[in-house]
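Q: Quick one: the structure is below, and I'll ask about it shortly.
The values are calculated or read from the model by the stated rules, or taken from the named source; none is laboratory data. Here the structure is a predicted model, which means the values were calculated and not measured. Methodologically, a virtual Cβ is constructed for each residue, glycine included, from the backbone with ideal geometry; neighbour enumeration extends over all protein chains shown.
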Amino acid sequence: MNATIEKFGFPTTLLHELEHWMILLRPTQPTLGSLILAAKSDATDFSALPAQAHAELADATKAIESALHTFVDYEKINYLMLMMVDPNVHFHVIPRYEGIREFGGLVFPDLGWPKFPDLGASQELDAATRDSLIEKLSALMAR
């Protein structure tokens, strides 16, 4: 695995794996259901990914959007490619919604709604809540 995937908690945070991509639970949650969509490649430029990885993005985004729509009932979804600190190709996937969502006794407001997501207001999850969220989202992606 590349260093970016490891930094985002692999294998603990793994939700779904494709041939060229991994879908991970984002360790901190600016909104409920925030994910990382990470290329398995060591590429640091989006254009350097093989054509098959670009084609497989359709499958990855379908899995993500189907699962998150069912689980979070988002109004919009943001795919942010912020490769400033973690250099390997990856997206921060942030479901966006007005109001709040609740899970595991925690409240998840979208503090940036309807503008840019407030990534600095992310909540850290305890291990039990993280594992429960992974179990729910993994099951939805397996369908």
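Q: Looking only at residues in the stretch 6-22 that are crowded, with 20+ Cβ neighbours inside 10 Å and of a type in the set (Phe, Trp, Tyr), which one is farthest from Lys40 (Cα to Cα)?
A: Only one residue fits best here, namely Phe8.
Q: Something else now. Just give me the residues in the stretch 34-49 being in a loop (DSSP other than H, G, I, E, B), under 25 Å from Leu137 (Cβ atoms) and either under 18 Å from the mean Cα position of the chain (by Cα) or acidic (Asp, Glu) (or both), in sequence order. Don't jump to the end; show me each part of the working.
A: Start the filter on the stretch 34-49 by keeping residues that are in a loop (DSSP other than H, G, I, E, B), which leaves 34, 40-45, 49.
If we keep only those that are under 25 Å from Leu137 (Cβ atoms) as well, we get 34, 40-41, 49.
Scanning the stretch 34-49 gives Ser34, Lys40, Ser41.
Q: Considering Thr4, Thr31, Thr61, Thr70, which residue is touching an Asp or Glu at 6+ places or on another chain (Cβ under 8 Å), in a helix (DSSP H, G or I), among the β-branched types (Val, Ile, Thr) and modelled with pLDDT of 95 or more? Before you say what the answer is, go through the steps one by one.
A: Details: Thr31 fails: in a helix (DSSP H, G or I); Thr61 fails: touching an Asp or Glu at 6+ places or on another chain (Cβ under 8 Å); Thr70 fails: touching an Asp or Glu at 6+ places or on another chain (Cβ under 8 Å).
Of the residues listed, the single one that is touching an Asp or Glu at 6+ places or on another chain (Cβ under 8 Å), in a helix (DSSP H, G or I), among the β-branched types (Val, Ile, Thr) and modelled with pLDDT of 95 or more is Thr4.
Q: Also, quick follow-up: From the list Ile100, Ile77, which one is exposed (fewer than 15 other Cβ atoms within 10 Å of the Cβ) and among the β-branched types (Val, Ile, Thr)? Don't jump to the end; show me each part of the working.
A: Details: Ile77 fails: exposed (fewer than 15 other Cβ atoms within 10 Å of the Cβ).
Unique residue meeting the criteria: Ile100.
Q: Can you report the number of residues in the stretch 99-116 which are closer than 24 Å to Ser132 by Cα and part of a loop (DSSP other than H, G, I, E, B)? Spell out how you get there, then give the answer.
A: First, the residues of the stretch 99-116 that are closer than 24 Å to Ser132 by Cα: 99-111.
Okay, now just the ones that are also part of a loop (DSSP other than H, G, I, E, B), so 99, 104-105, 110-111.
Number of matching residues: 5.
Q: So is Ile77 closer than 19 Å to Ile23 by Cβ, touching a Gly at 6+ places or on another chain (Cβ under 9 Å) and of a type in the set (A, V, I, L, M, F, W, C) or not? Break it down into steps so the answer makes sense when it comes.
A: Values: closer than 19 Å to Ile23 by Cβ: yes; touching a Gly at 6+ places or on another chain (Cβ under 9 Å): no; of a type in the set (A, V, I, L, M, F, W, C): yes.
So Ile77 does not fit the description; no.
Q: Just one of Asp131, Asp86 is in a loop (DSSP other than H, G, I, E, B) and either surrounded by fewer than 15 Cβ atoms within 10 Å (Cβ to Cβ) or at negative phi (or both); which is it?
A: Numbers: Asp131 fails: in a loop (DSSP other than H, G, I, E, B).
Sole residue among the options that is in a loop (DSSP other than H, G, I, E, B) and either surrounded by fewer than 15 Cβ atoms within 10 Å (Cβ to Cβ) or at negative phi (or both): Asp86.
Q: Let me ask another. Report, by residue number, each residue of the stretch 127-143 that is touching a residue at least 12 places away in the same chain (Cβ under 8 Å) and under 17 Å from Thr12 (Cβ atoms). First the steps, then the outcome.
A: Just the residues of the stretch 127-143 that are touching a residue at least 12 places away in the same chain (Cβ under 8 Å), to begin with: 128-130, 132-134, 136-138, 140-143.
Ala128, Thr129, Arg130, Ser132, Leu133, Ile134, Lys136, Leu137, Ser138, Met141 - these are the residues of the stretch 127-143 that are touching a residue at least 12 places away in the same chain (Cβ under 8 Å) and under 17 Å from Thr12 (Cβ atoms).
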